[in-house]
Structures are given as structure tokens and as C-alpha cells.
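The next block holds one structure in the form of C-alpha cells; read it before the comments.
Please treat every number below as a calculation from the coordinates, not as lab data. All of these numbers come straight from a predicted model, not from anything done at the bench. In this analysis, Cβ positions are derived from the backbone assuming ideal geometry, glycine residues included, and neighbour counts consider all displayed protein chains.
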């Protein structure tokens, strides 16, 4: 079923919207949730929470790219769930991935709130568009989907050392771009 039709079902408050969403995007949402939570039961719960959040947000929102809309919701819910679960302990793939980006992305205290966040978003979009497909895939797999270096290497049929080197060079390149744009001082 077309995404626009699924969104129309949400707007019509038809429960079929959830069924169609699960059929088309259930595996996609599960892979995002599982990549962050590493627990199938938590991931299933996160996907169900995604459907509820989508139901609650449409209307008033009418997403043009349903997969991105659902992916963003799933990621946010999964990260929140991960943070609650790991509030007292500090370890795991997500923590490591976020630490890798720590020197590139300014924190909330370093920004002038919404305006600078928009500048950062635009700069990140341009930066990602400037990367080769392979570099962009590696970067997004690591920092959006929070996949391990080993998983990325296996999926792309390349060595782990190459993935690590691409990530290091891409982070350094991102840092330079952010410094040039005045976003990171």
C-alpha cells in the first residue's frame, strides 16, 4: 500500500493504519529498535510504542516520507528506553558510538537553542550529501542505526579496520566542516 494511503488511514482514524504500517514497516522499525536495545522483547515493545506514537501524532502531522517519520519515532523511543534501562551503568554500543561523536557535535549547552540546531541540521545534511555512498552508509549505520563495527563490516563485506578508518576520517572531516561553519569552536 502507498505511504500516502497509509497516512490517509491515520487521518481517518482507521485502525487499519496500524495493520498496514506493521506490514510495510514492522521489520524496518524492529531493526532500528533492536540495533539500539539489543533485546528482542524490548525491541517489539518499542515498535508497538512507535505505532501508538504515530497514531497520536497523525493528525496533526502529515509526514511526506513515512519511513523516515517512523524511523525517527522508533529511534527516539528506543534511545529513551535504553537510557532508562542503563541509567546507572555506563557501557554498551550506544554509549561507545555517542562517545565517538562527542568531539564533533556540540552539546545543548554549547548552542543557541533552535536557531543553531537548524544550522547544525542543514550543515549535517550537506555534509552527508557530500560523502561517497560507502562512507555515508558506514557513517549512518554507525551513528543513526548504532550498529557495531563488526556488523557494518560483515554487511558491506569489508574489513573492520577499514570501517574504523572510514569512521575516524569521516568524524575528523565532520569536525573540520563544523569548525569552518562556526558551529563548533
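Using a 10 Å cut-off around each Cβ, can you sort 174, 70 from fewest to most neighbouring Cβ atoms?
If I rank by nearby Cβ atoms, fewest first, I get 174, 70.
Counting other beta carbons within 10 Å of each Cβ, put 158, 32 in order, fewest first.
Least crowded to most crowded, the residues run 158, 32.
As an exercise, use a Förster radius of 35 Å and the Cβ-Cβ distance of residue 11 and residue 48 to find the FRET efficiency, rounded to the nearest 0.05.
Rounded to the nearest 0.05, the efficiency is 0.95.
Tell me the label-point distance for the pair residue 173, residue 76, using the 7 Å Cα-to-Cβ offset, in nm and rounded to one decimal.
Roughly 3.0 nm, to one decimal.
Fully extended, how many nm does the chain gain between residue 31 and residue 65 (0.36 nm per residue separation, minus their Cα-Cα distance)?
Extra length from residue 31 to residue 65 when fully extended: 10.4 nm.
Give the distance, in whole Å, between the Cα centre of region 1-41 and the Cα centre of region 56-71.
Between the Cα centre of region 1-41 and that of region 56-71, the gap is 11 Å.
Fewest first, what order do 127, 69 take by the number of other Cβ atoms within 10 Å?
Final ranking by Cβ density, sparse to dense: 127, 69.
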